[in-house]
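Undergrad: Sharing a structure below in C-alpha cells format, with a few things to ask.
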Amino acid sequence: MTILVGYPLKRRARAVLSLAGMLARTSGEDLVVCTVIPAPWMPGLSRADQGYRAYIDELVDTAMAQAREDMPSDVSAEFTTTLTRSAPSGLLEAAKNYDTSVIVVGSSDAGQFGYISLSSVADRLLHSSPLPVAVANRGFRAAGGKIKRITLSFTGGKHSSLLLVAARTMAAQYGCQLRLASFAVELSPPETARFRAEGAAVVAEWTENIYAAAEKALTPDGQPPAAQPEIVIGHGRDWEEAFESVEWQDGDVLVIGSSDSGPVARVFLGSRAAKIIRHSPVPVVVVPRGTAEALSQE
C-alpha cells in the first residue's frame, strides 16, 4: 500500500511532509508526493495561453523542488504530478493509481499555528474520500519520530464498537499504544446557577454512560483484553478547555470516525467531528466506515 501526500502548488508545506514521514516510518509503506496541476478549461494556442502554461510549469517546478528539499532525509519518496481541473478529484484519481491506504493533506495557512484549519481541498476530501484522510496541524513537526499512541475519539454511538476494532488493528499494525478519549463540553447557559447545576449533572451522567459504553465495547465477549486501553474524558466549558484537560504528547495521532449518518463508503463529517478536528492539538486521521469495516476483519 502507499501513503499519498497532497502537496500544494503555490505554497511551501513542511507540515504535511512531516506527518507523511511519521506515517511512513511507522507503517513501512511507500510514500508518493503528488501535486495537482490545474487543467485548462479551453486549451488554445494564443500567446496568453502559452504564457499561462509557462507560469504553471514554473509553479510546478518550484513546488516539486521545495517538496524534495523539505522531505525528511530518512524517508524515501516518489514525486509526481497529475493534471485535472480540481485538486480533490486529482488526488482521489492518484489514490486509485497508487493503491493508497491514506491521503495526507495539510492545514490552511490562514489557520492558528499548532491547530488544524481545513483548506478547501481538505474539506472536500473529508466529505468525499473513500479512503482515510490524515490532516496535519499547521506547523506540525514529527522530529524524525514514529506514531507512539493512537487516541480514538469514542462517542459511544452505534458504530463505536466497529471503529474501536479498526483502531486496535491500526495500533497493532503500527506497534503503538491505543487510548480512548471522549470530550464533554458543558456549554451551560450562564444566566442562573440552576442551569449550571443541571448542566453539570447531565455531563456527569454522560460521563458514566461513556465509560460504560467503552467498557462494553472493549469486552464484547465478556473477557477483558490482555492490554486494556486507557480511557480519558476531557471536560470543559468549551472545546478548547475540554482538549486542554487531556494530556497530549509527541507521537500522538487522533483517530475519528465518519458521521453515523454519512455514506458508508466515504468520509463524511458531522458537526461534532468537525469541532473535534478544529481543536485537536495533534494530527487527525478520519476513517470512513467502509475502511473501518475492512480493518475490523483483519
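Undergrad: 5 Å is the cut-off here: which amide hydrogens, built 1.01 Å from N in the peptide plane, fall below it relative to Ile147, excluding neighbours closer than 5 in sequence?
TA: Thr26
Undergrad: Positive end of the dipole of segment 88-193, charges at C-beta (+1 Lys, Arg; -1 Asp, Glu), about the Cα centre: which of Tyr115, Ala142, His159 has its Cα farthest in that direction?
TA: With unit charges placed on the Cβ atoms, the residue in question is Ala142.
Undergrad: Still on this model: Taking a temperature of 10 °C and a viscosity of 1.306 mPa s, what whole-number D in µm²/s does Stokes-Einstein yield for segment 4-120 with Rh from Kirkwood over alpha carbon pairs?
TA: 105
Undergrad: In straight Cα distance, which lysines are under 29 Å from Lys10, not counting same-chain residues fewer than 8 positions off?
TA: Straight-line reach from Lys10, under 29 Å: Lys96, Lys146, Lys275.
Undergrad: If R₀ is 30 angstrom, what is the calculated FRET efficiency for the pair Asn97 and Ala172, using the beta carbon separation as r and rounding to 0.05?
TA: Values: r = 28 Å, r/R0 = 0.94.
E(calc), rounded to 0.05, equals 0.60.
Undergrad: Hey, another quick one. Counting only residues 5 or more places away or on other chains, whose amide H sits under 5 Å from the amide H of Thr81 once H atoms are built in the peptide plane?
TA: Here the answer is Thr35, since their amide H atoms fall under 5 Å of that of Thr81.
Undergrad: If the cut-off is 20 Å between C-alpha atoms, which lysines fall inside it for Lys216, apart from same-chain ones fewer than 8 positions away?
TA: Lys158
We did not get these values from a lab; they are worked out from the coordinates using the rules stated. Here the structure is a predicted model, which means the values were calculated and not measured. Note that we place each Cβ from the backbone using ideal geometry, even for glycine, and neighbour counts take in every protein chain shown.
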